[in-house]
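As structure tokens, the structure follows; a few thoughts come after it.
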Amino acid sequence: QVQLVESGGGLVQPGGSLTLSCTASGSRFSTYTMGWYRQPPGKQRDLVASISTVGTTNYLTSVKGRFTISRDNAKSTVFLQMNSLKPEDTAVYYCRSLTIGTWGQGTQVTVSS
């Protein structure tokens, strides 16, 4: 069974940056479309960004131009670079393989002064 492990969350001031990482077990990472979701307190979980096996990316409108999703197949890792962070970006961030449906455990991102 594939496992996804996120890291890189934390507390950051408005306008700051964070990079989240998600590493997959197994040998089939390169065949997965990957996504990052987020769930603010008391709200639904939304897809923030996705990246296909050939590197095609899609973003939630509110993060376009600020967040960048990328992948390193050799390291079985997907990244989410988050710049110009806003308080409304505060959420638990989850990675997911959109191909097989596996979720990571989540990592907290808090944007606050």
Heads up, the strands (runs of 3 or more DSSP E) in the chain (entirely inside) with at least 2 residues that are aromatic (Phe, Trp, Tyr) and in contact with a strand residue (DSSP E or B) (Cβ under 8 Å, 6 or more places away or on another chain) are 34-39, 91-97
Would you check which residues across region 23-67 are of a type in the set (Gly, Ala, Ser) and either within 14 Å of residue 109 (Cβ to Cβ) or over 11 Å from the mean Cα position of the chain (by Cα) (or both) and list them? 24, 25, 26, 27, 30, 42, 49, 52, 55, 62, 65
From the residues in region 1-22 that are more than 22 Å from residue 110 (Cβ to Cβ) and open to solvent by 60 Å² or more (accessible area, probe 1.4 Å), which one is modelled with the lowest pLDDT? 1
Do the conditions hold for residue 59, that is, is it buried (at least 21 other Cβ atoms within 10 Å of the Cβ) and closer than 11 Å to residue 35 by Cα? no
Give 47, 85, 60 a once-over and let me know the one that is in contact (Cβ under 8 Å) with a residue 12 or more places away in the chain, of a type outside the set (S, T, N, Q) and closer than 19 Å to residue 24 by Cβ. 47
Exactly one of 97, 112, 70, 84 is crowded, with 20+ Cβ neighbours inside 10 Å and not charged (D, E, K, R), and that one is 97
Can you tell me which of (1) touching a Pro at 6+ places or on another chain (Cβ under 9 Å); (2) open to solvent by 60 Å² or more (accessible area, probe 1.4 Å) is the one residue 41 doesn't meet? (1)
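The values are calculated or read from the model by the stated rules, or taken from the named source; none is laboratory data. Owing to the predicted nature of the structure, the values given are computational and were not obtained by experimental measurement. Glycine also receives a Cβ, built like all others from the backbone with ideal geometry; neighbour counts cover every protein chain displayed. Note: areas computed on protein heavy atoms with side chains; ligands, DNA, RNA excluded. Shrake-Rupley method; radii C 1.70, N 1.55, O 1.52, S 1.80 Å.
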